[in-house]
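The values are calculated or read from the model by the stated rules, or taken from the named source; none is laboratory data. Quick caveat: nothing in here was measured; it's all calculated off a predicted structure. Cβ coordinates were reconstructed from backbone atoms using ideal geometry, including for glycine residues, and neighbour counts include every protein chain displayed.
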Ligand code: PTJ
């Protein structure tokens, strides 16, 4: 993502950088047509959250990390926006946790799959990462979903007990929960169906979450999932934060 010209002192530098990453990814054929709409919705919620990781989101991130560290078979599901915005960081996380990533996109076309897979292999080679990249040859289907968005890999998403799904759609999130998986959602909208369906929902911006997960994973502390963890309480904390921002 080379030719980004904005000055780091610009107050909206980070937001401009994220947009630039998406523009470049769109040019490379990696994104769904609606990717920028989805991003804009996320930006609006992020603005209301103060564009920072709120304490409940950090707590949810550490809970998600605990599940990833204790899983029998964890996987990180990657879609177009996710690869464009935080592909390198999530590949580094996967390498550190020794788990695979699977490209699993809602609007599946052979051209997009090929562009996304090439981009991930470039990240893998450039950063000398040891990560299995799945998704190219799906051999299983997520029960309860119709069409190409049900396609997945048996040794990745299908057989996983814990799955990290950034920016997932509500239907698929529900189907993954119905398969008995622990579903770790990243979504800036605490009201979305995915946010409500998830086992652990992190209401925070994807790149901040990826960096927080990576920092936590590099601390080499093995965390334990809390049996009394309350996802609704964390969602409510995010909603309360937004409403207090609006009324202040
Ligand atoms: O690559 P594909 O084909 O799998 O398509 C990916 C998109 C994101 C286009 C597709 O899944 C989609 O349309 O998603 P939705 O239903 O618009 O949901 C996206 C959710 O992610 C919304 O609730 C946004 O608030 C949230 N979101 C957007 N950008 C970010 C985000 N959450 C965290 N970090 C972001 N950067």
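Output yes when any residue across region 136-158 is more than 28 Å from residue 178 (Cα to Cα) and modelled with pLDDT of 95 or more, and no when none is. Within region 136-158 (the criterion being more than 28 Å from residue 178 (Cα to Cα) and modelled with pLDDT of 95 or more), the answer is no, since none of the residues qualifies. The requirement of being more than 18 Å from the chain's Cα centre (by Cα) and within 13 Å of the ligand (Cβ to nearest atom) is satisfied by residue 147. When we screen 50, 42 for residues that are more than 13 Å from the ligand (Cβ to nearest atom), closer than 24 Å to residue 247 by Cβ and surrounded by 11 or more Cβ atoms within 10 Å (Cβ to Cβ), the only hit is 50.
What are the pairs, 6+ residues apart or on separate chains, where a residue within region 189-211 that is more than 20 Å from residue 172 (Cβ to Cβ) and modelled with pLDDT under 95 has its Cβ under 7 Å from a residue that is assigned to a loop (DSSP other than H, G, I, E, B) and near the ligand (Cβ under 10 Å from one of its atoms)? If the second residue must be assigned to a loop (DSSP other than H, G, I, E, B) and near the ligand (Cβ under 10 Å from one of its atoms), no pairs are left.
Mind checking which residues of region 63-75 are surrounded by 18 or more Cβ atoms within 10 Å (Cβ to Cβ) and part of a helix (DSSP H, G or I)? Explain how you work it out, then say what you get.
Here is the first cut: in region 63-75, the residues surrounded by 18 or more Cβ atoms within 10 Å (Cβ to Cβ) are 63-69, 71, 74-75.
Across region 63-75, the qualifying residues are 63, 64, 65, 66, 67, 68, 69.
Residues in region 19-28: is at least one surrounded by 12 or more Cβ atoms within 10 Å (Cβ to Cβ), outside any helix (DSSP H, G or I) and modelled with pLDDT of 95 or more? Among the residues of region 19-28, at least one is surrounded by 12 or more Cβ atoms within 10 Å (Cβ to Cβ), outside any helix (DSSP H, G or I) and modelled with pLDDT of 95 or more, which makes the answer yes. Contact map, region 19-40: first residue under 17 Å from residue 3 (Cβ atoms) and in contact (Cβ under 8 Å) with a residue 60 or more places away in the chain, second residue more than 10 Å from the ligand (Cβ to nearest atom) and in a loop (DSSP other than H, G, I, E, B), Cβ cut-off under 7 Å, separation 6 or more or different chains; pairs are 21/1; 24/1.
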